[in-house]
Every structure is written in structure tokens, then in C-alpha cells.
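The values are calculated or read from the model by the stated rules, or taken from the named source; none is laboratory data. Predicted model, so just to flag it, every value in this text is computed and none were measured. Cβ sites come from the backbone with ideal geometry, for glycine too, and all protein chains shown count toward neighbours. Heavy atoms of the whole protein, side chains included, go into the accessibility calculation; ligands, DNA and RNA do not. Shrake-Rupley method; radii C 1.70, N 1.55, O 1.52, S 1.80 Å.
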Amino acid sequence: MATTTTAETTRRDFLYIATGSVAAVGAAAAAWPFIDQMNPSTAVLALASIEVPLETIQPGQSVTFKFRGHPLFVRRRTPAEIATAKAVPVSDLIDPIARNENLPDDAPATDANREIKPEWLVVSGVCTHLGCTPTAFEGDFGGWLCHCHGSQYDVAGRVRKGPAPQNLAIPVYSFLTPTRIKVG
Amino acid sequence: MSGPSTYVPQTGFTRWLDSRLPLVRFAHDTMLTFPTPRNLNFWYAFGAILTFCLGVQIVTGIVLAMHFDPSANVGAVPGSSLAFDSVESIMRDVNYGWLLRYVHANGASMFFLAVYIHMFRGLYYGSYKAPREVLWILGVIIYLLMVMTAFMGYVLPWGQMSFWAATVITNLFSSLDQITGGLKVGTHVATWLWGGFAVDDPTLNRFFSLHYLLPFIIAAVVGLHIWALHVPGNNNPLGIDVKGPQDTVPFHPYYTAKDAFYVGLFAILFAFLVFFAPDFVGNPDNYIPANPLVTPADIVPEWYLLPFYAMLRSIPQKLIGVLVLGGAIVTLAFIPWLDTSKVRSNRFRPLMKQFFWLFVVDCLVLGYCGSQGVDAAPGGVPLVWVARVGTAYYYGFFWVLMPLIGLIETPKPLPDSIAKSVLGAAQAPAE
Amino acid sequence: MRFALVAGLVFGLAAASPALAANGDPLPLKTPPQGWSFEGPFGTFNRADLQHGFQVYKEVCSACHSLNRVAFHTLSESGGPGFTDAQMKAIAASYHVLAGPNDKGDTVDDKGNPLTRAGTPADTFPPPFPNEQAARTANGGALPPDLSLIVKARNGGPNYVYSILTGFHETLPKGFTVTPNKYFNPYFIGWNISMPPPLSDGQVTFVDGSPNKIADEAFAVVTFLSWASEPHLEDRHRIGVGVMIFLIVLSGLLYLSYRKVWKDEAH
């Protein structure tokens, strides 16, 4: 190739740099759909939020719903259960944090911080140890027992016996009507 | 030929790597410094364009496969199948799914447009002639793999055309019964292909597996194809051998720049189809879920298979029709030995050049015949007879004209060298 | 609009009358006088037309035709009819979709009707008939096709569906006898269609007082069905314009680079 002066080099290089940059921008823009297609589709997102009817749930009953692919426990607590849960001092708990997505991250795990209305406990049914589904009305605390490794939760879904490290998570939810909640 | 490698590793790391696995040297020698004839024109860009197409199809195919369900069983939508529903879910729910699907479907058409131009270029400039016979045959193998891949891919959405095209083509194998008598080899082959008594869920499942596999086999054969090219080096529009370094330029930056520009133009056409006419080359019947009990009014393959479809339908006898169809592709492998001319490029073959263009027209006419109904007779001319003449010319071009013309034609005088021809561009004969 | 209808009839007659031997070949398709707003590279859907069309589907077509692939949540997504989230949820809730077994394990109520629940945004439009056999029984043996993809599943697309819907009132050509239990429509292959004329003037009343002759109702519902077949059309056109401009600019730069690279070399 012919030798060039600095000025010619600059002119020629600018074109190549410009072309390369435009091509690179195009490649990045073209790459985005390939990455985004793995994100949840609109069909999956439409199920990201569910509405749960509460009319048929009796006091003392716990019903399991499917929410974002996992079990969701909705439990209608009896006055006795509510009193038991409220009587537990936070200092007795393995995990003193409320783990309630409706509240700030550091809210303490008082029973009041574990629900919106005391009668209704809405809690994720995924054991915080390794993800098994605990069984209701089993264990020493009247809540749930996880058969996988023996973790036990009370009637507010708080872990009382390990190896689970955290209380059962409470998802974002709200009451649309006194008998219907929207979760997620 | 490329001569000894001129790569010199510049850093400690590249010296270390080069002595253990000369990958960078390999890339340098084959894609950067490779001496390429300086007179390659637009028609020579389609190798790079094809590589672009293969890459696009593989990448879009892999992400589509993340969402596709290869099951013919009915799902949530009555009268449909999980496969069809999954494609509609890709179109409606998956982020940019509509874009990925349209790119993949139209990409197949663009792939075949490019491969046909590439093949016609090879025919015109005599790129199949010695010492490039193996290169040409590898190309025929790639083409055959492409046809198989595209056929199976079209079946996957499980629309009416998917199902019935699969039925018609797999049924062709049963024609072998005619020559195997009581053994019924044809029926057994068809049953084996179907995994049942007709095209159904097992067929769809295995077509999905093979459709995913074959492109990687294509990629491997493309590697061999490029290797076979690099042994003698590229042919060129003059058809004369490279005489020395004055006839060539290094592949980079000369042909990387030139090919990039042509890939850009190709991408413009591709994008126009995808964004503004995504269903133009497709068939509306494939938006109807497959129904084994209802045959569409006209079963038509995608455009790139139409010439062969016309040949098949022009022969009333099923087995002969199948042999004519298969023979049309197998014939391509014999071309290096059918053409007797000592001159490669049609630029210097005034007689053959005319028959070549007639052959191009013949392929287009056959394609048109394939697109119409079996009984079509526009202006009173039954297309089945046009297809018969077209098929006769197709075979005649390779088996009669190629051997004959080379013997009787007086070629134009060849230039002394590429460099001389290029420098005296005003005197070079027109294409 | 009235003139266009008369002109259409005149042209339809002029086209139909040479076919005195009733050969059943469909007439050339009609195009609505205002054209389709979504055609061409810059085409978009008209929100009002989509909402009118949805109303026509809901009040007329949904009696026989399902829309199985359209989910309620798409009604409020961009590029669509443009309902608000609240409107979309209300529309969804106004439909009854099949519910799973209740706690006792029943799938039907005391009267034997399948259990249903109110629709949610994640649901798709429930079909008018529980299965193909019920649909055929209710429609004299014919199966009204699902409309989710009808515009893409027919040659001529929106013009085909528009021609069918507005083609019932063409004059019967001499010598052509309509098959019993079928209806004359010269835009349908064979001219005998199983669907009775679904639209009539003033059948659907649009809240904003838009015209509601047959052609208007047909235009609206075909616009809606075109969206149902291709809900991402506006995205496709918008991104397509950007991509084309980008590629033309890039190709221009690549061309200049190519010329610069080859400047000093003979070729």
C-alpha cells in the first residue's frame, strides 16, 4: 500500500473508526432481543399477580395457592392462634426480622408486622432452608413443619426451630375487598 | 496456493499460544493474509453472505428452540397442537419473539436466495472445474443438507402446509414398493421415517431433533468447503489461474471490506422482508393448525423447492418422478466431469453463455410451474407440459450440452494474466 | 360511504355478470374506500377502529367464533385497542371462563353446567362452544373457524375478510343456484358459504356515534381482527423503519470504507 501523510491517515482512520463504531452499535442493538427473549414473557408476567378469594376459608383453616410457581399459604387464624402468636417476644425468635415485602427491610418480626389483618396470614410456602414445602398444623408451634430437615414455623410463619435461618417470606399483597386479596 | 505462513506473534502470550495451538496463525493465514484474486466481483460476495445467513439461522434457531414445544398433541387451544400454540406464543408473548421468528423464517428464504446465486456463479465462471471438483461436490452436499434442514424446519410449526408437505414428501418413499415387490421396502421406509402409520407426533419430534442437529453438520462441511477452496485458492471471473502475487491481494482488508459492504446490502433486503413483508414468501395455509382429515386446496412447498416440485409432478409415474427429482440434485455432483471445455469462465465461452442464461430462465419457469395447481393451464397451455420441457432442458443442459458444447465451441482468447487484464480494464471483454 | 357501497355493487355486478356460467371462481377482492391504516411501512392501528371492532366482535361474531389466542391483558398493551388497565380488567371479569374442580372435586354445578369463574387478565377469550362437535351441531354441521389468525390465514388478508363480510348482498348471477342451507357470497370459493350474513346496517351502535353501516362495521371488525392476528405490527413497523435507516447509513459507511481500502489497487 502507498505510504501516507499523517493527515491522510487521520482522514482514512476516521472513516474506519466511524464505520466500526456504527457497526458495533448495531451489533449491540441486535443482541438485545436475543437476551431479552429469555426474560419472562408477557404470558408469564400476566400471572405475576393473582387474586385470591377468601370467602370459603374457615377459621383455623390453611389453604395453599400457586403463586409465581410456588406454594402460597393463606391461613385464617382463630383468636387463640392470634393470641399465641402475639404473646411471643421478638427476642425469643431465631429470626427477628419481619421478612414482609410490604414493610421496610428492618421491621421486627412482631406478629403485627406479619400481616395486614390479624385474622389472615398470607405467607410464602417455601421453607427458607432449602426450598421444600412445609406441612400445616404439624410441629410443636401449631404452624408448619418442614419434613425435609425438621424446620418448624409458628402460627405467624416465623421460624422457631432450625435449620431454616429465616421466617417464611410475606409477599406484596393487599385487600381489594374484605374477602379478596391481590398478591404480587 | 497461499505459500508459507507469514504470521509472527507479537506478544509473549501469542508466542506461547502459537507454539501450543496455532489458532491465531490459522486465522491470520486463512482470513487475513490469504492471497485472493484481485478481480473478484459482486457475485463472489455470496460466500461471505452465506456464512452470515448460517450464523443468523443458528443463533435465532437456538433461541427459538428455548420456547418451541415439538409436540403434535392438543394443548390448551382446541383443534390445534402444542407445537402450533408454542409458535403463536413466541409471536405474541415472548419478548421480541415475533422478530426472532420472522428473522428465522425469512432467513431461510434469504439463505436459499444466496445459495442459488452462489451456485449459479460457480456454474457461470467454471468454479467446479479441476482442481476444484471436491470443493464443488462439498457444495452440493451442503445444498442437500440445507434442503433437508429447511424441509424439516417448515414442518415444525405444525400448520396445514407443514403437515401436508411432510405427508407428500415422506409418502414418496413408499414408491420404492414398485421395485421391491412383496418386500414392500418403500412402505417400511416410510413407516420408519414416520415412527407410525402417518405423519404424526413422533415424526414432528424427530424432525425437531434433526433440524437442530443438521445446521452444525452444515457448519462442519462448510469448514471442509473453505479448506478445499484454500488448497487451490479462489477462482475468478476470468477463469484463469493466478500467476503470481501481482494477481492477488490479501483477503484483509480488501475482501473483508468488500464483503462487509455486500453483506450490508443483503441485510437491507433481508430487513425489508422481515419488517415490512414478513409473510410475503410464506403460505397463509400455514397459519391454520394441521388437520390430518382436511387437505388444503393446493399443497405447495416454499419457493426454493418449487423447481424440483415441478419436476416431480411433471412425471405421472410416481417412482420415475421421485428418481427424476433425486437425479436433478445428484446430477450436480457430476458436473466437473460433464463439462468438456478447457475454458472455465463463460466470459470466454460465447455459445455456452447463452445456454447458461437459458438454464437460469428454465429454473425460473420450473419454479413458476411448481407454484401453480396441477391442472393449471394459463392461456390454454397446460403447465405440466411446460414443466416436462423444462425438466428435459434441465437434464439436457448437464448431460448433453455440457459435454457437447465444450467440444464444438470456439472460445474467445483468454487474457495473459489477471493483473494484465485488470490493468487494461478497457480492453477486457464484457461479462 | 353510501356512494362507495353503490360503486362497489356496480363493480361487483360488472365483474360478476360476465361469469354467466356460474363457475364459482371468487371475484377480485374489495378494498375499503379509506384503505387500511395499518398497511405500508408506517402503518399503525387506529385506536377507535380497534375498539369499535372489538365491540362488533363481542356483540356479533363471538356468538359463533372463538378468539382462543387473544389474552385479555393484550387489550391494554401498546399497539392494541388502548383500553386502560381498569377497563381491560373489567372486560376480562365480564367473561366466564372454565374453572377447575372445586374443593369437593366437582367440575359441574348442581344443574350439570361446568363451573366457571370471572376472567382475569391472564385468561384468553373463552370460546362460545365447549368443543368442535358442539360448535358444528349449533351451526348446521359447519365449524366457525377461530378468528385469532384469520387475517393471516387467508389469501388477501384483511381485504378477503372485508370482502366476505360485505359480499353477501351482491346480485345472484343468472343460472347460479345456492346450495340449501348455505348463503351466496361471490368472494368465497364456490360462492356458497355456510355463514349467514352476520352484519346489518345499524346492528352495532358505537358510543361515539360513528357510522355503523355494514361496511363500517366490517371495516372496524377487520381492523380489530388484523390486530388480533398481528398484535405486534406497530412495534414491527416502528423498529423496521429504524433498522432500515441504520442499515442504509451503515451500508453507506461500508461502501466508503470499501472504496477507500481499494483506492490504490487495480481491480
Of all the C-alpha pairs in the stretch C:84-123, what % are more than 13 Å from each other? 54 percent
First measure r as the distance between the Cβ atoms of C:Thr44 and C:Glu77, then evaluate 1/(1 + (r/R0)^6) with R0 = 25 Å and state the FRET efficiency to the nearest 0.05. 0.95
Percent RCO, i.e. relative contact order, over chain A, from Cα pairs under 8 Å lying at least 6 residues apart: 20 percent
Enumerate the whole-percent occupancy of each 10 Å bin, from 0 to the last occupied one, for all C-alpha pair distances of chain A. 9, 29, 24, 10, 7, 7, 7, 5, 2, 0
For the stretch C:80-157, what value does the Rg/Rh ratio take when both radii are computed over Cα atoms and Rh is the Kirkwood radius, given to two decimals? 1.06
In Å, what is the Rg of the alpha-carbon atoms in the protein assembly as shown, and how long is Dmax? 34.0, 109
With the Cα gyration tensor of the stretch B:300-409 in hand, convert its eigenvalues to equivalent ellipsoid semi-axes via √(5λ) and list them largest first in whole Å. 28, 15, 11
Local net charge near B:Phe13, Cβ-Cβ under 15 Å (Lys/Arg +1, Asp/Glu -1): +2
Globularity ratio of the stretch B:235-325, using Cα Rg and 2.2 N^0.38 Å: 1.83
Summed side-chain charge close to B:Pro336 - residues other than B:Pro336 whose Cβ falls under 14 Å, Lys, Arg +1, Asp, Glu -1: +2
Chains B and C: accessible area buried, summed over both chains, 1.4 Å probe, nearest 100 Å², reads 3300 Å²
Mind listing, in residue-number order, the residues in the stretch C:112-131 that have at least 10 Å² less accessible area with every protein chain present than in their own chain alone (1.4 Å probe)? C:Ala122
Can you tell me which lysines have their Cα less than 27 Å from the Cα of B:Lys318? Leave out same-chain residues fewer than eight positions away. B:Lys184
Tell me the Kirkwood radius of the stretch B:1-149: reciprocal of the mean inverse pair distance over distinct alpha-carbon atoms, in Å. 19.2 Å
Log10 I(q)/I(0) at q = 0.17, 0.18 Å⁻¹ for the stretch B:74-214, from Debye over equal alpha-carbon scatterers, is -1.04, -1.10
Kirkwood hydrodynamic radius, the stretch B:176-288, all distinct C-alpha pairs: what's the number in Å? 20.0 Å
Relative contact order (%) - criterion: Cα under 8 Å, at least six apart; region: chain B: 22 percent
Checked the stretch B:182-235 with the C-alpha gyration tensor, a ≥ b ≥ c its square-rooted eigenvalues, rounded below a/c of 1.5, otherwise prolate if a/b is larger than b/c and oblate if not; verdict oblate
If R0 = 45 Å, then C:Tyr183 and B:Val147, at their Cβ-Cβ distance, give a FRET efficiency to the nearest 0.05 of 0.50
Approximate spin-label separation B:Leu319-A:Cys148, in nm, with each point projected 7 Å along Cα-to-Cβ: 6.4 nm
For A:Lys66, counting only lysines whose alpha-carbon sits under 18 Å away and dropping same-chain residues fewer than eight positions off, the answer is A:Lys182
Suppose each label sits 7 Å from its Cα in the direction of the beta carbon; what would the C:Ser37-B:Asp298 distance come out to in nanometres? 3.4 nm
Okay, which of the stretch A:38-58 sit inside 12 Å, backbone N to the point 7 Å along the Cα-Cβ direction of C:Asp106? none
How large is the accessible surface per residue of the stretch B:224-319, computed with a 1.4 Å probe and reported in Å² as a whole number? 42 Å²
State the extension gain, in nm to one decimal, for the chain segment bounded by B:Val185 and B:Leu23, taking 0.36 nm per residue of separation less the distance between their alpha-carbons. 53.5 nm
Taking the convex hull of Cα positions in chain C, its mean projected area over all directions (nm²): 23.1 nm²
Here, C:His169 and C:Asp25, labelled 7 Å along Cα→Cβ, have an inter-label distance in nm of 2.8 nm
Tell me the net charge near C:Asp25. Cut-off is 15 Å between Cβ atoms, C:Asp25 excluded, with +1 for each Lys or Arg and -1 for each Asp or Glu. -3
12 Å reach of a label modelled at A:Gln166, 7 Å along Cα-to-Cβ, counting backbone N of the stretch A:96-115: A:96-101, A:105-106
Any chance you could run the full-extension gain for C:Ile248 through C:Asn155? It's 0.36 nm times the residue separation minus the Cα-Cα distance, nm to one decimal. 30.3 nm
Here the tail fraction of P(r) beyond 15 Å, over all Cα-Cα pairs of the stretch A:124-163, rounds in percent to 19 percent
30 Å Cα-Cα reach of B:Lys258 towards lysines, excluding residues that sit fewer than 8 places from it in its own chain: B:Lys129, B:Lys243, B:Lys353, B:Lys412, B:Lys420, C:Lys260, C:Lys263
Based on Cα coordinates alone, diagonalise the gyration tensor for the stretch B:343-399, multiply each eigenvalue by 5, take square roots, and list the semi-axes in whole Å, largest first. 28, 10, 8
Taking N as the number of residues in chain B, the ratio of its alpha carbon radius of gyration to 2.2 N^0.38 Å works out to 1.09
Once you average over the residues of A:20-31, how many Cβ atoms of partner chains fall within 10 Å of each Cβ? 3
Keeping all protein chains in place, calculate the accessible area per residue for chain C (probe 1.4 angstrom), answer in Å². 49 Å²
In Å and on Cα atoms, what radius of gyration and Dmax does the stretch C:183-267 show? 25.5, 75
For the stretch A:39-101, compute Rh as the Kirkwood radius over C-alpha pairs and then the Stokes-Einstein diffusion coefficient at 25 °C and 0.890 mPa s; write the answer in µm²/s, rounded to an integer. 167 µm²/s
Equivalent ellipsoid semi-axes, the stretch C:117-199, via Cα gyration tensor eigenvalues times 5, rooted, Å: 29, 17, 10
Angle, helix B:82-92 long axis vs. longest principal axis of chain B, Cα atoms, 0 to 90°, nearest 10? 60 degrees
For the stretch A:70-87, in order, what is each residue's ³J(HN,Hα) by Karplus, 6.51 cos²θ - 1.76 cosθ + 1.60 with θ = phi - 60°, in whole Hz (x at glycine and Pro)? 10, x, 10, 8, 10, 10, 9, 8, 7, x, 5, 5, 4, 4, 4, 5, 5, 6
Can you run phi through the Karplus equation (6.51, -1.76, 1.60; θ = phi - 60°) for the stretch B:22-27 and list ³J(HN,Hα) in whole Hz, with x for Gly and Pro? x, 5, 5, 4, 4, 5
Could you give me D for the stretch C:156-204, from Stokes-Einstein at 25 °C and 0.890 mPa s, where the hydrodynamic radius is the Kirkwood radius over C-alpha pairs? Units µm² s⁻¹, please. 213 µm²/s
